[in-house]
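Read the structure below first, then the notes.
The values are calculated or read from the model by the stated rules, or taken from the named source; none is laboratory data. Since the model is a prediction, treat every value here as computed from it, not as a measurement. Neighbour counts run over all protein chains shown; Cβ positions are idealised from the backbone, glycine included.
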Amino acid sequence: MQLAVHESGAGSRTAILIHGIMSDHRAWHRVSAELQAKGFRVLAVDLAGHGASPRSRRYTPRGWADDVVETVTPLLDGPPDLVMGHSLGGLVASIAADRLAPRAAIYVDPAFAFPRGIRGLAFKLGFALAPRPRRSALVRWNPRWSARDVDNELAALREWDKRTVLGFADTRPVVPPLRLVAPSLVVLAEKSLLVTEAAASGLRRLGMTVVTVAGSGHTVFRDDHAGFMRVVEEWLSRHGPATAR
């Protein structure tokens, strides 16, 4: 499936950004701007069932990743310099990275696991049955978001296909990467929804750098944008494609 791609910047390096469930490319607006300023051409996709992209008959993590690879490959003249994904987008990015072979990967509070038992069932029911939140609820739940972030999320929610929740009906594909395909940074919320300390230790053993941004919630780059970018910029200066071209 061809996805909507929102391209910005004209730098010599390319970054692919993949948003989380219920959101779309607009979630990255500040991250995109800073990457552009650092010489990146940014390709921010809308996953199937989100934003301006088509809806799908069936949603799965593998299907989302296939769509990303199919869509961005013709836009690349070689491996992308950076792939970054948040939550569901982190899982999708890790699957797509096996085929895109990026020079660096950043996973933001990624969906590398799913709660089990009653908690997992509550997660699924909450996503499937809860009405789209009002602005007042978004502000209450996310007091550190900017007004633009709230507006963007409300717009994304209006375009979101709630059937995407069915992509997690089978949670067996919701697993961390099995191998290190590129230098990788995992940026976690203070109390990660989806990555336990045991899972984080496993990612470190795999060779990934794992950093927690104190005080941040699940959408780390919206809760503490400055803190998030400090972590990203420091890591890229040591491990990323800063001087790749």
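A compact table of results
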| item | result |
| --- | --- |
| Some residue of region 141-163 being more than 30 Å from R230 (Cα to Cα), surrounded by 13 or more Cβ atoms within 10 Å (Cβ to Cβ), among the aromatic types (F, W, Y) and out of contact with any Cys (no Cβ under 9 Å at 6 or more places or on another chain) | yes |
| Condition check for P131: in contact (Cβ under 8 Å) with a residue 24 or more places away in the chain and either on the phi > 0 side of the Ramachandran plot or not small (G, A, S) (or both) | no |
| Sole exception among (1) more than 15 Å from the chain's Cα centre (by Cα); (2) over 19 Å from A101 (Cβ atoms); (3) touching a residue at least 60 places away in the same chain (Cβ under 8 Å) for Q36, by number | (3) |
| Elements of type helices (runs of 4 or more DSSP H) contained in region 82-148, each with 2 or more residues being more than 22 Å from G215 (Cα to Cα) and at pLDDT 95 or above | 88-100 |
| Sole exception among (1) closer than 12 Å to L185 by Cα; (2) surrounded by fewer than 19 Cβ atoms within 10 Å (Cβ to Cβ) for A226, by number | (1) |
| Matching residues in region 167-193 - criterion: being of a type in the set (G, A, S) and either under 16 Å from the mean Cα position of the chain (by Cα) or over 16 Å from R99 (Cα atoms) (or both) | G167, A169, S184, A189, S192 |
| All positions within region 181-214 that are over 12 Å from Y107 (Cβ atoms) and without any contact (Cβ under 8 Å) to a residue 60 or more places away in the chain | E190, K191, E197, A198, S201, G202, R204, R205, G207, T212, V213, A214 |
| Close pairs from region 1-28: first touching a residue at least 60 places away in the same chain (Cβ under 8 Å), partner polar (S, T, N, Q) and part of a loop (DSSP other than H, G, I, E, B), Cβ under 6 Å, at least 6 apart | L3/S53; G20/S87 |
| Selection count, region 9-33, where residues are closer than 17 Å to P80 by Cβ and surrounded by fewer than 18 Cβ atoms within 10 Å (Cβ to Cβ) | 3 |
| Hits in region 200-245 (condition: at pLDDT 95 or above and of a type in the set (V, I, T)) | T209, V210, V211, T212, V213, T219, V220, V231, V232 |
| Residues being over 19 Å from V92 (Cα atoms) and of a type in the set (A, V, I, L, M) - total across region 128-175 | 11 |
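Yes/no per residue for (1) crowded, with 21+ Cβ neighbours inside 10 Å; (2) touching an Asp or Glu at 6+ places or on another chain (Cβ under 8 Å); (3) β-branched (V, I, T):
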site: P54; (1), (2), (3): no, no, no
site: D77; (1), (2), (3): no, no, no
site: P80; (1), (2), (3): yes, no, no
site: V83; (1), (2), (3): yes, no, yes
site: S94; (1), (2), (3): yes, no, no
site: I106; (1), (2), (3): yes, no, yes
site: P110; (1), (2), (3): yes, no, no
